[in-house]
Amino acid sequence: MLENIPEFEDDDDFDRPSKSQMKRDMTALQKLGEELLALPESRWEPLALPEILSDALKAAKKITNFEGKRRQMQYIGKLMRKIDPEPIREAVATFKLGHAQDSLKLHQSERWRERLLAGDDALQEFLAAHADVDIQQLRSLVRAARKDAANAPEKRSGRAYRELFQFIKASEAADDDE
């Protein structure tokens, strides 16, 4: 009875990827196309995209209908199969990293503002970390923001609070440039 079963060899001639793997790859390229669509158009130019792909991306930006956008993204995914996706992946990653760094800098500025409003010892730390700031302007902004914070919520203007944040943000940017 066992004699009728054909023997399977280890080498079954399965050199190509499975259908499921091909679908996963196509879905990944479509997702990469969506991420590329999220980039500003000025970031597309250095990638030297084929004209048909850049036209498809521009058309996708204009489409508002859900089903139409979905089909356009499938088309973009199909076009992406014909090009090398690595430069696009790198451009998307670089753009995302830049946004993350900008966000981190804003959060850092917000933390400095909160610390400066909380106590005077933070003022000395800020001055030690940022040697080139205008001390008088910083003290006056901190004083005005504290005074505004002491008011009742309906009487607060928030102007000094915002100006202090802008001052801190500019100081942080000046230190990064050096």
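Taken together, the values in this text are just the output of simple stated rules run on the coordinates, not laboratory data. Only a predicted model underlies this, so the values are computations on that prediction, with no experimental measurement involved. Don't worry about glycine lacking a Cβ; one is built from the backbone with ideal geometry, like all the others, and counts go over all protein chains shown.
Note the angle between two axes, namely the Cα long axis of helix 66-80 and the longest principal axis of the Cα atoms of the chain, as a number of degrees from 0 to 90, rounded to the nearest 10.
It is inclined by approximately 70 degrees.
Whole number please: convex hull volume per residue, Cα atoms of the stretch 19-83, in Å³.
So the per-residue hull volume is 80 Å³.
Net charge within 11 Å of LYS69 by Cβ-Cβ distance, Lys/Arg positive one each and Asp/Glu negative one each, not counting LYS69 itself?
Within the 11 Å Cβ shell, the charges total +2.
Report the trypsin sites (Lys or Arg not before Pro) located in the stretch 8-93 that are in a DSSP loop and have at most 15 other Cβ atoms inside 10 Å of their Cβ, or state none.
Sparse-neighbourhood loop trypsin sites (Lys or Arg not before Pro): ARG81, LYS82.
Take the Cα of GLU51, step 7 Å along the line toward its Cβ, and report every residue of the stretch 84-119 whose backbone nitrogen sits under 13 Å from that point.
The answer is none, because no backbone nitrogen lies closer than 13 Å to the label point.
Roughly what would the spin-label model give for LEU106 and ARG89, points 7 Å off Cα along C-beta, in nm?
About 2.9 nm separates the two model spin labels.
Give the Debye-formula value of log10 I(q)/I(0) at each listed q (0.13, 0.25, 0.26 Å⁻¹), with one equal scatterer per alpha carbon of the stretch 103-177, two decimals each.
-0.35, -1.22, -1.30
With only Lys, Arg, Asp and Glu charged, each at its Cβ (+1 for the first two, -1 for the last two), find how big the charge dipole of the chain is about the Cα centre; round to the nearest 20 debye.
1640
Using the crude model of +1 on Lys and Arg Cβ and -1 on Asp and Glu Cβ, and no other charge, please compute the dipole size for the stretch 19-83 relative to its Cα centre, in debye to 20.
It works out to roughly 380 debye.
How high is the relative contact order of the chain? Use alpha-carbon pairs under 8 Å, at least six apart in sequence, and give a whole percent.
Across the chain, relative contact order equals 19 percent.
Starting at the first residue of the stretch 130-143, write each ³J(HN,Hα) from the Karplus equation 6.51 cos²θ - 1.76 cosθ + 1.60 with θ = phi - 60°, in whole Hz, x for Gly and Pro.
10, 6, 8, 7, 7, 4, 5, 5, 4, 4, 5, 5, 5, 4
Compute the Rg/Rh shape ratio of the chain: radius of gyration over Kirkwood radius, all on alpha-carbon atoms. Numbers along the way, then the final one.
On the way: Rg = 28.0 Å, Rh = 21.6 Å.
Rounded to two decimals, Rg over Rh is 1.30.
Projected onto the charge dipole of the chain (+1 at Lys/Arg Cβ, -1 at Asp/Glu Cβ, origin at the Cα centre), which of TRP112, LEU127, ALA150 gives the Cα projection farthest towards the positive end?
ALA150
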